[in-house]
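See below for the structure under consideration.
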Amino acid sequence: MPPAAATAGAVTFVWLGMVLAISFLEAPLKFRAPGVTIPVGLGIGRLVFRALNAVEAVLAVAVAAAVALGDAPAGVVGLTAAVAVLLVAQLAVVRPRLNRRSDRVLAGEELPRSRSHLWYVALEVLKAGALVALGVSLLTE
């Protein structure tokens, strides 16, 4: 396995692990903890996801750089682009909407469940699947 592919694969699986642990484990469980209100959970979630998304951006650059430096096949390049597009959609389109909504909830407004949250989860599921496919593709390169 070429060093660039090994590096990209390792970074991809670290990224996948972070997404699975935070998005699919920590996020839903925090609201089940005793004493965690919606505002407290939103405050924690904003901090955690801001940190996760910052790390994701760094990992995306690292994967893209390793793929660009290697002689990656078109499928790997396509999956790398797909993961990056999904992350950008989350950060540039959905997160700002969620932030505006959570600002309103934290200010005391009672609002119905957010459709933007469902879009974020859908993108997260797609991104996790794309990360698995990318990681496997890099391992078999």
Single unsatisfied condition, Ala72 versus (1) open to solvent by less than 30 Å² (accessible area, probe 1.4 Å); (2) in a loop (DSSP other than H, G, I, E, B); (3) without any contact (Cβ under 8 Å) to a residue 12 or more places away in the chain; (4) not hydroxyl-bearing (Ser, Thr, Tyr): (3)
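Of the residues Ala84, Ala54, which is in contact (Cβ under 8 Å) with a residue 12 or more places away in the chain and closer than 30 Å to Leu139 by Cα? So that I can check it myself, show each step before the final result.
Details: Ala54 fails: in contact (Cβ under 8 Å) with a residue 12 or more places away in the chain.
Testing whether each residue is in contact (Cβ under 8 Å) with a residue 12 or more places away in the chain and closer than 30 Å to Leu139 by Cα leaves just Ala84.
Filtering the range 79-124 down to residues that are in a helix (DSSP H, G or I) and of a type in the set (Asp, Glu), which residue is farthest from Met18 (Cα to Cα)?
Filtering the range 79-124 for residues in a helix (DSSP H, G or I) gives 79-106, 115-124.
Checking the rest, the ones that are also of a type in the set (Asp, Glu) come to 103, 124.
On the way: Asp103: 25, Glu124: 12 Å.
That would be Asp103.
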Qualifying residue in the range 53-65 (condition: modelled with pLDDT of 95 or more and farther than 22 Å from Ala133 by Cα): yes
Flag for Val14 being open to solvent by 60 Å² or more (accessible area, probe 1.4 Å) and modelled with pLDDT of 95 or more: yes
The range 129-141: number of residues that are surrounded by fewer than 18 Cβ atoms within 10 Å (Cβ to Cβ) and modelled with pLDDT of 95 or more: 4
Residue list for the range 87-106, restricted to those being at pLDDT below 90 and open to solvent by 40 Å² or more (accessible area, probe 1.4 Å): Leu106
Close pairs (9 angstrom Cβ cut-off, 6 or more residues apart or separate chains): open to solvent by 60 Å² or more (accessible area, probe 1.4 Å) in the range 27-41, of a type in the set (Lys, Arg) anywhere: Val40/Lys30
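The values are calculated or read from the model by the stated rules, or taken from the named source; none is laboratory data. These numbers come from a predicted model, not from an experiment. Reconstructed Cβ throughout: ideal geometry from the backbone, glycine too, with neighbour counts over all protein chains shown. For accessibility, only protein heavy atoms count, side chains too; no ligands or nucleic acids. Shrake-Rupley method; radii C 1.70, N 1.55, O 1.52, S 1.80 Å.
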